[in-house]
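Participant: Below is a structure I'd like to ask you about.
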Amino acid sequence: MNSAQNAPLSPKLTPNMGLKDRNTFGFEVSAELAYEISAANELPSLMADIQEKNLAWRVLGGGSNVILPASLPGATLLMNIAGQKILRVDEQNTYIAVGAGVNWHEFVSWTLEQNVPGLENLALIPGTVGAAPIQNIGAYGAEVADFIDSIEAFDTGAHAFVTLPKEACHFAYRDSYFKQHPQQYIVTKVAFKIPKIWAPRLHYADLAKQFIDSNTAPSAQDIFQAVCTIRTQKLPDPKVIGNAGSFFQNPVVPNTLFEALQKQFPEMVSYPDQSGMRKLAAGWLIDQCGFKGQTMGSVGVYQNQALVLVNHGGGTAKDILTLAQSIKDKVNKVFGVQLEIEPNIF
């Protein structure tokens with residue numbers, strides 16, 4: 001893993017680079033200036049040049065949680081910083097440093113190979129390690145924020161590398177300081193703190209069902225495999241059908257609204273939320289509105305999971321956002337609940 005203190009380097013530049021393979025919706029996208037960032041120390045001089053020329057810019061990781069327009073003017077920074085290593089182990093925790101360009105699922109698999117359980121509920125989430133804290137990715141009762149110790153990032157305003165403790169990241173449900181202020185920091189490295197005391201997290205029904213006939217408690221590897229099985233069954237492979245995984249956040253509503261809705265819709269799927277409110281299953285709400293399996297031109301709603309919007313080929317960002325608005329309007333009309341789009345719209 002390259003250190004930010006090494007001599008400055010120049011990133012590889014490709015003008016008018018096609019990014020169809022760099023966004024999981026598979027949209028035809030052209031980046032005016034695409035810079036491949038393989039080391040943190042490529043950023044200071046590059047950002048100085050971008051700011052001096054007053055170019056629009058953005059950072060793109062695995063492209064798994066973004067909605068990209070056909071043309072990206074200015075500079076697109078492709079985050080490719082690699083490397084992962086265990087920094088130290090104390091009585092309570094294992095500390096691991098990971099480059100922002102590392103594939104998230106491959107990192108989770110690697111932690112289990114190193115006999116460091118904890119991240120298994122987050123298996124098979126697409127994207128990179130650097131993007132994980134921005135969205136505060138989560139699944140099956142776990143969030144990446146639960147395991148983050150600090151973030152190394154380049155502060156584009158101060159033109160300096162900073163190390164941000166977890167508290168400075170303002171993590172919330174699918175949210176963070178980075179998401180709220182997308183052009184202040186460029187994440188280059190994530191430091192994880194994974195507790196050595198481990199217990200299985202099985203309180204989500206779909207996951208618990210995988211072990212209902214088991215006489216023994218599942219291992220972390222068992223849970224990892226079960227999560228991969230569930231996600232494979234529910235979510236389409238982006239290499240086959242373009243998608244960005246879960247398209248809407250599960251809405252969190254006051255208990256008064258939840259109780260009123262439950263009387264009207266006794267089968268409504270929901271979960272308790274840490275805030276004391278109630279989290280509704282957005283996929284269930286969308287399914288009840290009749291969108292599951294429906295198409296609108298080149299885009300549609302996945303037949304096996306209403307929470308996933310798909311590009312059947314030839315679709316655009318405008319197409320997917322038009323469909324999303326139709327879904328939001330119908331869910332709001334039927335349930336009085338406002339859905340929020342999960343992917344970042346560029």
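Participant: Count charges around residue 21 for me, please; just the other residues with Cβ under 12 Å from its Cβ, Lys/Arg as +1, Asp/Glu as -1.
Facilitator: So the surrounding residues net to +2.
Participant: Test of understanding: what is the full-extension gain from residue 86 to residue 233, defined as 0.36 nm times their sequence separation minus their Cα-Cα distance?
Facilitator: 49.6 nm
Participant: Suppose a student asked you for the relative contact order of the chain, using Cα pairs under 8 Å spaced at least 6 residues apart; what percent would you report?
Facilitator: On the way: 712 pairs, mean separation 53.6, N = 346.
Relative contact order of the chain: 15 percent.
Participant: In the Gaussian network model of the chain, springs joining C-alpha atoms below 10 Å, which of 22, 88, 278 carries the largest mean-square fluctuation?
Facilitator: Between 22, 88, 278, it is 88 that shows the largest mean-square fluctuation.
Participant: Between residue 326 and residue 170, what length comes free when the chain is fully extended (0.36 nm per residue of separation minus the Cα-Cα distance, one decimal in nm)? Could the numbers behind the result be given before it?
Facilitator: Values: separation 156, 0.36 × 156 = 56.16 nm, distance 3.14 nm.
Length gained, residue 326 through residue 170: 53.0 nm.
Participant: Determine the relative contact order of the stretch 5-61: mean sequence separation of Cα pairs under 8 Å and six or more apart, normalised by residue count, in whole percent.
Facilitator: 36 percent
Participant: Just 33, 60, 257 to compare: in a GNM of the chain, with alpha carbon springs under 10 Å, which one fluctuates most?
Facilitator: 257
Participant: Further, regarding this structure: From the convex hull of the Cα coordinates of the stretch 267-346, what is the mean projected area in square nanometres?
Facilitator: The Cα convex hull of the stretch 267-346, projected and averaged over all directions, gives 6.0 nm².
Participant: Turning to a different aspect of this structure: Tell me, 57, 110 in order of fewest to most beta-carbon neighbours within 10 Å?
Facilitator: Result, fewest neighbours first: 110, 57.
Participant: Please sort by residue number the GluC sites (Glu not before Pro) in the stretch 14-100 whose DSSP state is loop and whose Cβ has at most 16 other Cβ atoms within 10 Å.
Facilitator: Working: sites: 28, 32, 36, 42, 52, 91; in loops: 28, 91.
Within the stretch 14-100, the qualifying GluC sites (Glu not before Pro) (loop, at most 16 other Cβ atoms within 10 Å) are 28, 91.
Participant: In whole angstrom, note down how far apart the Cα centers of the stretch 209-265 and the stretch 113-135 are.
Facilitator: Here the two parts' Cα centres lie 16 Å apart.
Participant: A further question on this structure: Using the basic label-point model (7 angstrom from Cα toward the beta carbon), what is the residue 214 to residue 265 distance in nanometres?
Facilitator: Label-label distance for residue 214 and residue 265, simple model: 3.2 nm.
Each value in this text was obtained by applying a stated rule to the coordinates, not by laboratory testing. Quantities reported herein were computed from a predicted structural model and do not represent experimental measurements. Using ideal geometry, Cβ is built from the backbone for each residue, glycine included, and neighbour counts are taken over all protein chains shown.
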